[in-house]
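See below for the structure under consideration.
The values are calculated or read from the model by the stated rules, or taken from the named source; none is laboratory data. Keep in mind the model is a prediction, meaning the values are calculated, not measured. Here the Cβ positions follow ideal geometry from the backbone for every residue, glycine too, while neighbour counts run over all protein chains shown. Just the protein is used for accessible areas: all its heavy atoms, side chains included, with ligands, DNA and RNA removed. Shrake-Rupley method; radii C 1.70, N 1.55, O 1.52, S 1.80 Å.
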Amino acid sequence: MGTLAVLTIVFFLLNMLLGSVLIPVKSIFAILAGKEPEIPAWSAIVLHTRLPMAVTAALTGAALGICGLMMQTLFRNPLAGPSVLGLSSGASLGVAVVMMFISLPGGTLVAVSQVTGNISVVAAAFAGAFSVLLLIALLAARFSSNTLILIVGIMIAYAVNALVGILQFYSLKEDLQAFVIWGLGSFGNISLAQLRIFVPLVLIGLALSSLMIKPLNILLLGEHYAKNLGLNTRSVQILVILLTGFLIALITAFCGPIAFLGLAVPHLARILFRSSDHRIVFPATILTGALLALICNIIARLPGFDSALPINAVTSLIGAPVVIWLILKRNSFKSLV
Amino acid sequence: MYCKMKLLRIGHHFVLICLFHLFLLNACHNDSNIDRQTKAALTAVNLESALGFRVAKADGYKLLELLTVEDQRVYQSFCLVDQNGFVPHDLPENIKIIPIPVKSMVCLSATHIAFADALGLMDKIVGVASADYVFSARFSDLVSAGNIKEIGIADHFKLEELIHLMPGVVLTNAQEGQNYELLRKAGLTVIPVADYLENDPLGRVEWLRFFGLLFGKEEEASALFDSIKTDYNRLKSLAAQVTERPVVLSGKQYGGFWNLPGGKSYLATMLHDAGAKYLWQDNPDTGSLTLDFETVYYRGVDADYWRFLMYSPDDFSYGELLAEDARYAGFKAFKTKKVFFCNTFKKPYFQKGALEPHVLLADYIFMFHPELMPGYQPVYYEFLK
């Protein structure tokens, strides 16, 4: 766990050091220490571009990992992740409505960026994800079957994606491009000022989630056993759905749908620590998630080049082979679920 | 048994329908008096700036070839046959024959409407992709009177309506990957128009000649092109005298990425002609660049001017620009209030801009060197307030 924490800090610093513009290491530490560098633009790049991006990446990785972990335990399904409850799809629908339905023909990508800067895209994504969350929570309150909720969540995702598809079908090329770019995810959308909202909200979400460690451990024993132990499985179920829903809605609103991390990080954490005890896996997931997101962010920024890659391309392309390799190597997958 | 009979009958009908169609097709050809004769000697029509098409004339017909701007490869050819002209008998099969002047057209891009308008061809338009284009009162009238039909954008046309209009030609955007095969199979003549791929501002205007050719307005097109060219070149030489060329940044960031025109693009050429220096003018690309935010910030932070397009029914201010991204405040152009923009919701930049490079150039010169344009009122651009 200590190594993981050190690595996370190292990669956080690497996120500050590496980028398209070459800035000497000495200047970067000077900037972080609050001094003025020789070139004023450097300070803006480090403090207003790299720092918020690194913080966003670390928190997003950690929070999505925790969402995946809680859902995998609750639904007893190794494939559960942020996308299964249809929350990302709900967020997409909200954004699609703002970007493609409201905007008029003739608008361009340049034009739409104006919308994103405004808080409207964030609000639309949050509203979309939250409506789906409410729907799921209502269902969860009525039916106790986890499988039922899982299936309904996936069905809602299909239905919502169909609506997004219709909007895409009838929208102009420029709006479509803006929407596609949003769908590829970005850690670069959050400004230093917005971090003041984002960071505390994510931390509150994570802190509340940590209260679920014990009930989740009991759930691992099986639902009947948990009930016999006096656990109110219904309230755990609803709490987990609300907590993950809140975190996913928050992250998708600010960063777009970030693929893969939520599903893969809990597996990595369990494999690395050879445990499924949430007292270990919970902090391990936070660290692994933050570390993985920071690594992906460095790769996506293509240090030394003028351009960059969309974050989802990197999380999936780099992350998927890593998980496959780990699973094949450790061959301990079956013990996890 | 009954089934077989029915099938046979359907087959029979099918043959009849096919024969009927053949007859119709023949009738059409006879109508336009197109005979086949030996290919006459072709002489190239001289074009000055456009790279996307070329024309050669012979007695009785013209050969129109569409070329890629980059490597001058012919990708489609048409044989335009005059009213009393003929088709050369050794014409390759893949060359589509178009009787001219063309009777009517469907325009799938707003710039086509601008070209038609400039040559007095508005009444030849029978269909457009979208009736929402910011254009002119005349255009809106024709749409509401039902003379111009809305047929939808690429890949989801109202195909039946489009075929029913029986346009002489369907003008499309020359974009790779878009499939107009259905329209061609339905017997329509589809011509990709690549005006917007020209990197020389006057090259775009010269597509007037293409429209002139199709609709028998070659002289009008030439005259109009010459007058725009004269205006453009006059302004260009006016701006060429400047001693100081301010540096200009273009566009805004989106999702951490910044889309900018390449160093040899249409915009870069125009900014240079306006006596300015585009920030990426050393770049060899004609298309667009997608760069990382910090790259653009590092290079653009000291740019003297900042220009972008936006699309909004509302007014736009420095405050709103800052709300989009607080980092914008670091730019020199932001601090010195030298940010200017064109609101494409209110101004027909995408519709008429291609045909009015002289107006755009005047706007740019006014922004960078107001002393050269005393009393001028910019048309497309305005300074941010």
Extension reserve of the A:Trp325-A:Arg142 stretch, reckoned as 0.36 nm per residue once the Cα distance is removed | 61.8 nm
Taking the Cα-to-Cβ direction at B:Tyr376 and at B:Glu48 and moving 7 Å from each Cα, how far apart do the two end points lie in nm?
-> 2.0
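For a quick protection proxy, order the peptides B:54-61, B:267-274, A:289-296 by their average other-Cβ count within 10 Å, most packed first. If you can, show how the numbers build up before the last one.
Numbers: B:54-61: 17.5, B:267-274: 23.6, A:289-296: 27.0.
Descending packing order for the listed peptides: A:289-296, B:267-274, B:54-61.
To check you understand DSSP bridge types, tell me what percent of the beta bridges within the protein assembly as shown (both residues inside) are antiparallel, rounded to 5. Before the final figure, lay out each step's value.
Working: 24 of 53 bridges.
For the protein assembly as shown, the DSSP antiparallel bridge percentage is about 45.
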Considering only DSSP beta bridges where both residues belong to chain B, give the percentage that are antiparallel (nearest 5).
-> 45
Ordering B:Lys185, B:Lys347 by how much accessible area each has at a 1.4 Å probe, largest first, what is the list?
-> B:Lys185, B:Lys347
What does the charge count near B:Gln72 come to, summing +1 for each Lys or Arg and -1 for each Asp or Glu among other residues with Cβ under 12 Å from its Cβ?
-> -1
For B:Gly168, which sequence-distant residues (separation of 5 or more, or a different chain) have an amide H within less than 5 Å of its own amide H, given hydrogens modelled in the peptide plane?
-> B:Lys103, B:Ser104, B:Met105
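Taking R0 as 60 Å, what's the FRET efficiency between B:Ile95 and A:Leu317 from their Cβ-Cβ distance, rounded to 0.05?
Values: r = 46 Å, r/R0 = 0.76.
Taking R0 as 60 Å, the efficiency between B:Ile95 and A:Leu317 is 0.85.
Please identify the helices of chain B, taking whole runs of DSSP H, that span at least 24 Å along their own axis as judged from the Cα atoms and have a mean Kyte-Doolittle score of 0.0 or higher. Show your work: numbers first, answer last.
On the way: long enough: B:2-31 (43 Å, 0.74); B:218-240 (32 Å, -0.51).
Once both thresholds are applied, what remains is B:2-31.
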Proximal charge balance of B:Tyr380 [Cβ under 12 Å; K/R count +1, D/E count -1] | +1
Per residue of A:296-304, what is the mean number of Cβ atoms on other protein chains within 10 angstrom of that residue's Cβ?
-> 1
The lysines whose Cα lies under 23 Å from the Cα of A:Lys227, excluding any fewer than 8 residues away in the same chain, are A:Lys214
Around B:Pro261: net Lys/Arg minus Asp/Glu count, Cβ-Cβ under 11 Å | +1
Of A:Ala178, A:Ala259, A:Ala207, which has the largest mean-square fluctuation in a 10 Å C-alpha GNM of chain A?
-> A:Ala207
Where in chain A are the helices, taken as whole DSSP H runs, whose Cα atoms extend 20 angstrom or more along the long axis and whose Kyte-Doolittle mean reaches at least -0.5?
-> A:2-17, A:51-74, A:120-142, A:146-169, A:192-210, A:233-255, A:278-301, A:311-330
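Hey, what number do you get for the protein assembly as shown at 222 nm if only DSSP H runs of n ≥ 4 count, each worth -39500 (n - 2.57), divided across all residues, to the nearest 500?
Numbers: 30 runs with 382 residues, N = 722.
That calculation yields -16500 deg cm²/dmol at 222 nm.
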At B:Ala326 and B:Lys158, where each label point lies 7 Å from the Cα along Cα→Cβ, what is the point-to-point distance in nanometres?
-> 5.0
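Just to be sure I understand: if you take the accessible area of chain A alone plus chain B alone and subtract the pair, with a 1.4 Å probe, what total do you get in Å², rounded to 100? Can you show the working numbers first?
Numbers: alone 15580 and 19790 Å², together 32240 Å².
Roughly 3100 Å².
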Rounded if a/c is under 1.5, else prolate if a/b beats b/c, else oblate: with a ≥ b ≥ c from the C-alpha gyration tensor eigenvalues square-rooted, which is chain B?
-> prolate
Take every Cα pair under 8 Å in chain B that's 6+ residues apart, average their separations, divide by the length, and report that relative contact order as a whole percent.
-> 12
Protein chains only, probe 1.4 Å: how do B:Lys62, B:Lys277 rank by accessible area, largest first?
-> B:Lys277, B:Lys62
How high is the relative contact order of region B:50-209, in percent, with contacts defined as C-alpha pairs under 8 Å that are six or more residues apart?
-> 19
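If you take the beta carbon distance between A:Ile238 and A:Leu47 as r and set R0 to 51 Å, what does 1/(1 + (r/R0)^6) give as a FRET efficiency, to the nearest 0.05?
Values: r = 41 Å, r/R0 = 0.80.
Computed FRET efficiency for A:Ile238 and A:Leu47: 0.80.
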Roughly how crowded by other chains is peptide B:296-307, in terms of the mean Cβ count from those chains within 10 Å of each of its Cβ atoms?
-> 3
Subtracting the Cα-Cα distance from 0.36 nm times the residue separation, let me have the gained length for B:Thr336 to B:Ser140 in nm, one decimal.
-> 66.5 nm
Given region B:226-311, what percent of its DSSP beta bridges are antiparallel, to the nearest 5?
-> 60
Which of the lysines could be linked to B:Lys277 by a straight reach, that is with a Cα gap under 23 Å, when you skip same-chain ones fewer than 8 residues away?
-> B:Lys229, B:Lys236, B:Lys252, B:Lys264, B:Lys332, B:Lys335, B:Lys337, B:Lys338
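How well do other chains shield peptide B:322-332, expressed as the mean number of their Cβ atoms within 10 Å of each residue Cβ? Before the final figure, lay out the partial values.
Numbers: counts 1, 5, 7, 6, 6, 8, 1, 2, 6, 2, 0.
Mean shielding by partner chains, rounded to a whole number: 4.
Any idea what the relative contact order of region A:196-308 is, in percent, if you count C-alpha pairs under 8 Å spaced at least 6 apart?
On the way: 59 pairs, mean separation 26.1, N = 113.
Taking the mean separation of contacting Cα pairs over the length of region A:196-308, I get 23 percent.
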Top positive-direction residue, dipole computed over the protein assembly as shown with Cβ charges, set B:Met166, A:Gly61, B:Phe86 | A:Gly61
If you take the beta carbon distance between A:Leu192 and A:Leu22 as r and set R0 to 25 Å, what does 1/(1 + (r/R0)^6) give as a FRET efficiency, to the nearest 0.05?
-> 0.65
Got a sec? What order do B:Glu324, A:Glu38 fall in by accessible area at 1.4 Å, biggest, i.e. largest, first?
-> A:Glu38, B:Glu324
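Under a Cβ-only charge scheme (Lys and Arg +1, Asp and Glu -1), can you give me the dipole magnitude of chain A about the Cα centre, in debye to the nearest 20?
Working: 17 positive and 7 negative charges, 198 e Å.
I would put it at about 960 debye.
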